[in-house]
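> I'd like to ask you about the structure that follows.
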Amino acid sequence: MFKLVGAAIIIIATTWAGFEAAKKLSLRPRQLRQLKVAMQSLEAEIMYGHTPLQEAARKLSKQLTNPLSNFFETFANRLKSGETTVKEAWDESLKKIWKSLALKQGEFEILSQFGETLGKSDRHHQQKQIMLTMAHLEREESDALERQGKYEKMMKSLGFLTGLLLIILLM
């Protein structure tokens, strides 16, 4: 009886771990899509709305879901305080929420580089930087979708099969 309960616990735990790994694979493309939408909205606010950066970030925080809404809210608050540069506010906000994102180091570098150019030039140059960032995010999204397609099912199966292997080894 205890062996069956133990076996069930092992199967549940390893299957859950496999599903969590698969979840990260599906979150990454979704978050990259949200980032692209955020960049498009930021571009519209800057180019057509002539909205100040702090106000544009505040609007974005209301449009997006967590954790990206937290990122833009933190960014807007740091800009509002006026004690920091745009780049520092961007980097601090990015570092604050990075662990809650399912993104990779490459995406961090893309966003960090974008933060370096943000607010430093005229609207047209800023638009070019946004377009460049969106192109990089597009490339990362296609990679994320490819990885999700390849590995998501495998992760789920691997979790369950690992549990079975453990049970066989322990019996």
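> Just to be sure I understand the filter: pairs with C-beta atoms under 7 Å, separated by 6 or more residues or on different chains, first member in the stretch 55-72 and without any contact (Cβ under 8 Å) to a residue 60 or more places away in the chain, second member of a type in the set (Phe, Trp, Tyr). Which pairs pass?
Here the result reads Ala57/Phe72; Ala57/Phe75; Leu60/Phe72; Ser61/Phe72; Leu64/Phe72, each pair linking the stretch 55-72 to a residue that is of a type in the set (Phe, Trp, Tyr).
> Do we have any residue at all in the stretch 102-109 that's touching a residue at least 60 places away in the same chain (Cβ under 8 Å) and of a type in the set (D, E, K, R)?
yes
> Since Gly159 meets every condition but one in (1) farther than 25 Å from Pro67 by Cα; (2) open to solvent by 50 Å² or more (accessible area, probe 1.4 Å); (3) touching a residue at least 24 places away in the same chain (Cβ under 8 Å); (4) not polar (S, T, N, Q), which condition does it not meet?
(2)
> Select from the stretch 36-49 the residues that are in contact (Cβ under 8 Å) with a residue 60 or more places away in the chain and surrounded by fewer than 15 Cβ atoms within 10 Å (Cβ to Cβ) and write down the one among them that is nearest to Leu132 (Cα to Cα).
So, considering only residues that are in contact (Cβ under 8 Å) with a residue 60 or more places away in the chain and surrounded by fewer than 15 Cβ atoms within 10 Å (Cβ to Cβ), the one nearest to Leu132 (Cα to Cα) is Gln40.
> Something else about it: Name every residue in the stretch 14-35 that is open to solvent by 50 Å² or more (accessible area, probe 1.4 Å) and either within 18 Å of Phe114 (Cβ to Cβ) or among the hydroxyl-bearing types (Ser, Thr, Tyr) (or both), in order of residue number.
Arg33 - this is the single residue of the stretch 14-35 that is open to solvent by 50 Å² or more (accessible area, probe 1.4 Å) and either within 18 Å of Phe114 (Cβ to Cβ) or among the hydroxyl-bearing types (Ser, Thr, Tyr) (or both).
> Scan the stretch 126-150 for residues that are among the hydroxyl-bearing types (Ser, Thr, Tyr) and touching a helix residue (DSSP H, G or I) at 6+ places or on another chain (Cβ under 6 Å) and report the count.
Residues meeting the conditions: 1.
> Mind listing just one residue for me: the one in the stretch 72-90 that is among the small types (Gly, Ala, Ser) and surrounded by 20 or more Cβ atoms within 10 Å (Cβ to Cβ) and, of those, farthest from Gln40 (Cα to Cα)?
Ala89
> When you go through Ser69, Ser142, Ser93 one by one, which is the residue that is open to solvent by 40 Å² or more (accessible area, probe 1.4 Å) and either hydroxyl-bearing (Ser, Thr, Tyr) or in contact with a Gly (Cβ under 6 Å, 6 or more places away or on another chain) (or both)?
On inspection, the qualifying residue turns out to be Ser142.
> Which of the residues belonging to the stretch 135-155 are within 14 Å of the chain's Cα centre (by Cα) and hydrophobic (A, V, I, L, M, F, W, C)?
Leu137, Ala144, Leu145
> A follow-up question, please. Could you tell me which of the residues Lys120, Lys99 is surrounded by fewer than 14 Cβ atoms within 10 Å (Cβ to Cβ), on the phi < 0 side of the Ramachandran plot and not in a helix (DSSP H, G or I)?
Lys120
The values are calculated or read from the model by the stated rules, or taken from the named source; none is laboratory data. Source: prediction; values computed, not measured. Backbone-built Cβ (ideal geometry, glycine too); neighbour counts: all protein chains shown. Just so you know, the surface numbers come from the protein's heavy atoms only, side chains and all, with ligands and any DNA or RNA stripped out. Shrake-Rupley method; radii C 1.70, N 1.55, O 1.52, S 1.80 Å.
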